[in-house]
Structure formats: structure tokens, C-alpha cells
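All remarks here apply to the structure that follows.
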Amino acid sequence: MAAKAETGEAPGGTTRRKNTAGAVMSQRVSSTLTTAAATGLTAGRKGKQLSGRVHETLFEAAAAKSGLRGTELIDYALAKVALEDDFADRLIALKGSIPKDVDLGA
């Protein structure tokens with residue numbers, strides 16, 4: 001699974017999470033997989049079998065950064081693609097779609 005975050009002692013003796021790269025990546029992995037589940041992308045059984053060769057350097061870099069291996073890494077990578085934010089593309093597509101005579105309150 002993903003790398004665990006380190007903890008440190010905050011003022012007053014309470015424990016807090018250090019904002020390490022591993023903790024941030026762990027949160028991203030968790031958030032991505034949780035969102036994939038919430039949107040139904042991971043519902044049902046795992047019935048699709050994949051077989052193929054990948055670039056070893058690419059795989060090792062992704063595994064090292066995510067803290068995942070094997071099917072967990074594949075699930076995460078597929079979820080990232082499926083959930084990719086397309087806001088910028090949609091915003092750019094709107095260019096010129098508002099008539100010039102519309103009062104935008106300026």
C-alpha cells in the first residue's frame with residue numbers, strides 16, 4: 001500500500017502529521033481510489049485481465065512515487081486517467097462563446 005506519513009509532536013504535546021512527500025502521495029492515492037469507488041468505477045468484480053510489457057523505468061518510477069505495486073498500481077493509474085480533470089479544456093472551448101454585448105458587471 002502507500003507510504004505512511006511520519007508524525008511529530010506539536011506544541012502542547014499533541015501529535016501532528018508531517019507534510020512529507022510520502023504522506024501527500026498517500027493522500028492522493030487514497031483520494032483517487034475513493035473517488036473511483038464513489039463514482040462506480042470499481043464496482044463489481046475484477047473481470048478484465050491485462051497482459052503486456054511496460055517500460056521498466058516507467059513502472060519503477062510510478063511504483064516508487066505512489067508506493068504501490070502490481071494490480072494496485074494498475075488500478076491507481078487507470079483511475080487517474082478515468083477521473084482526469086478536463087476543466088481547462090472545457091474552459092478554453094468556451095472562448096468567444098459569450099456575446100460581446102453581454103454586460104459582465106465591469
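Looking only at region 69-83, count every residue that is more than 12 Å from the chain's Cα centre (by Cα) and surrounded by 16 or more Cβ atoms within 10 Å (Cβ to Cβ) and tell me the total.
1
Being polar (S, T, N, Q), surrounded by 12 or more Cβ atoms within 10 Å (Cβ to Cβ) and out of contact with any helix residue (DSSP H, G or I) (no Cβ under 8 Å at 6 or more places or on another chain) narrows it down to one of SER66, SER30, SER51, so name that one. Explain how you work it out, then say what you get.
Details: SER66 fails: out of contact with any helix residue (DSSP H, G or I) (no Cβ under 8 Å at 6 or more places or on another chain); SER51 fails: surrounded by 12 or more Cβ atoms within 10 Å (Cβ to Cβ).
The conditions single out SER30.
Bear in mind these aren't lab numbers, they're just calculated from the coordinates by the rules spelled out. Quick caveat, the model's predicted, so the values are computed rather than measured. Note that each Cβ is placed from the backbone with ideal geometry, even for glycine, and that neighbours are counted across all protein chains shown.
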